[in-house]
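What follows is one structure encoded as C-alpha cells, with my remarks underneath.
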Amino acid sequence: MLDKVFLAADIGGTQTRVVVSDAAGRFRIRLARPTEAHKGKASVTDRLVALINEALQGIESSQVAGIGVGIAGAVNYESGTILQIPGLQEWANTPYRDVLAEKLGFPVGLDNDANLAALGEYRFGAARGYHHAVYLTISTGVGSGIISDGKLLRGANGTAGELGHITVDPNGGRCGCGNTGCLALFCSGSAIRRKAIVELEKGRDSLLAATVNHDFAKLTAPLIAEAARQGDSLALEIWQRAGQYLGMGIVNILNIFNPEIIVLGGGVVGAGDLLLDPMNKWIEQNAPLAVRSNTKIEIAALGDDAGLYGALALLT
Ligand SMILES: [Zn+2]
C-alpha cells in the first residue's frame, strides 16, 4: 500500500504556496506562485487548483488524505465559509471549503492564516508540549491565534483571536478594521515605519533621512532597527514606543488568557532587544505577578511555514 500524503496551502496577499507532506509533517514537495488577487476569485482559485495538481504529479489520488488551506481573512471554520477578506469584497460569504472540495475531490479544511500559524507553532514549533499558548505575529500587521486548553479558540463564528485589534490607546487614531487605537497601529512594521516618516516630515533630525536619501517611502523596520543600533535617538524612541505598546497588549493578553507561553513571530521581532527590552519592562511593571509568573515568552520556531504546518494539523 502506498503511503498517504497530506497537503497544505496558504493563499497569501502576495504568494500562494502549496506543500505535500508525509504523515510525520516532513515537506516532500513545495511550490509557490504569485496569488494575483487583483484578477479576482475565479482566477485565484484556478491558479491554486493548478498548483495543487502540479504538486500531486506522480501521486495516486487514493494516496491523498486531504488539504488544509489558510487564507488571510475572516473564516468560519465550522461552515467552511470565508466571511470577509479586507479590501476584496468579492470574497465575502464564500463557501470556499466546499468550492475547493468539489474541484479537488478530496477533503478540505479551511481556516484563517494566523489561526493556522498558532496551531502550527502549537503542534510542531515553539509551543509544542504546552496547553495554553498565544501566538502573535508582528509583520506588516499584527496577527494572532489562541490555543486554550489544547484547542484553537475560534469563538462563535471563527473570528476570535484578533489580538492586533485590541485597543491600547483611545486617542491612537482609526484602524482599517473599524476600531480606534488598535495594538497594530503601534507595533506593526507599517506602524513603526509610519511613525518614523511622521517625525522626519516634522523636520526631526535623524540618521534615517540620509539612510534613504530623503526618500522616506524607502524606510523599513529593519533600517530603523539599524539606525537604533547606531544610537540614533529617533530610531531608539520609535522602538521603545513600539515595545511598550506591545507590552501593553501582552499584559491584556496575560490577564485574559493566562497562557503558559506567548510565541512571537513575524519579521518585526527580528529587531530583537530593541523591541523586546521595553516590552519585557512594561510587562514586569504592569502585569500582576500571579498572572505573569508562569508565562514564558519565546520567538517562533517555524517562520513563514507556521501556517502551512497548522494547515496540516487540521487534517490529523
Ligand atoms: Zn484594528
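The values are calculated or read from the model by the stated rules, or taken from the named source; none is laboratory data. What you see is a predicted model, and the numbers here were worked out from it, not measured in a lab. Every residue, glycine as well, gets a Cβ built from its backbone with ideal geometry; the counts of neighbours run over all protein chains shown. Ligands, DNA and RNA are stripped out before the accessible areas are found, and what is left, the full protein with its side chains, is counted by its heavy atoms. Shrake-Rupley method; radii C 1.70, N 1.55, O 1.52, S 1.80 Å.
Some notes on this structure:
- Relative to the dominant Cα principal axis of the chain, helix 41-55 is inclined by about 70°.
- Cα-projected label distance for residue 281 with residue 215, points at 7 Å along beta-carbon direction, nm: 3.6
- Average accessible area per residue (Å²) across the stretch 3-132 - probe 1.4 Å, nucleic acids and ligands excluded: 46
- Residue pairs exceeding 30 angstrom between C-alpha atoms, taken from 151/296; 4/151; 195/281; 39/151: 39/151.
- Pairwise label distance in nanometres, residue 84 with residue 241, each label 7 Å out on the Cα-Cβ vector: 2.8
- Taking all protein chains into account, the per residue accessible area for the stretch 152-227 stands at 50 Å² (1.4 Å probe).
- Gain upon complete extension [residue 61, residue 36; 0.36 nm per residue less C-alpha separation]: 6.2 nm
- What separates the Cα centres of the stretch 277-291 and the stretch 1-78 is a distance of 41 Å.
- Estimated FRET transfer efficiency when R0 is 30 angstrom, pair residue 54-residue 316 (beta carbons, to 0.05): 0.80
- Between helix 233-257 and the chain there is an angle of about 50 degrees, using the helix long axis and the longest principal axis of the Cα atoms.
- Within the chain, helix-based [θ] at 222 nm, where runs of 4 or more DSSP H residues each add -39,500 (n - 2.57), nearest 500: -11000 deg cm²/dmol
- Residue with peak Gaussian network fluctuation, the chain [Cα springs, cutoff 10 Å], from 210, 65, 242: 210
- Counting only residues at least eight positions apart within a chain, or on another chain, the lysines with an alpha carbon under 18 Å from that of residue 202 are 218.
- Three-way shape call for the stretch 193-316 based on the alpha-carbon gyration tensor, with the a/c threshold at 1.5: oblate
- Solvent-accessible area, 1.4 Å probe, carbon plus sulfur percent, for the stretch 59-184: 47
- Within the listed set 304, 205, 277, the Gaussian network model of the chain (springs between alpha-carbon atoms below 10 Å) gives the highest mean-square fluctuation for 205.
- Dividing the Cα radius of gyration of the stretch 147-193 by its Kirkwood radius returns 1.08 for Rg/Rh.
- Helix 189-201 vs. the chain, principal-axis angle (Cα, 0 to 90°, nearest 10): 30
- With Cα atoms as the point set, the radius of gyration and Dmax of the stretch 199-255 evaluate to 13.4, 44 Å.
- Each eigenvalue of the Cα gyration tensor of the stretch 41-199, multiplied by 5 and square-rooted, gives one semi-axis; in descending order these are 31, 19, 15 Å.
- For the chain, the share of alpha carbon pairs falling in successive 10 Å distance bins from zero is 6, 26, 31, 23, 11, 2, 0 percent.
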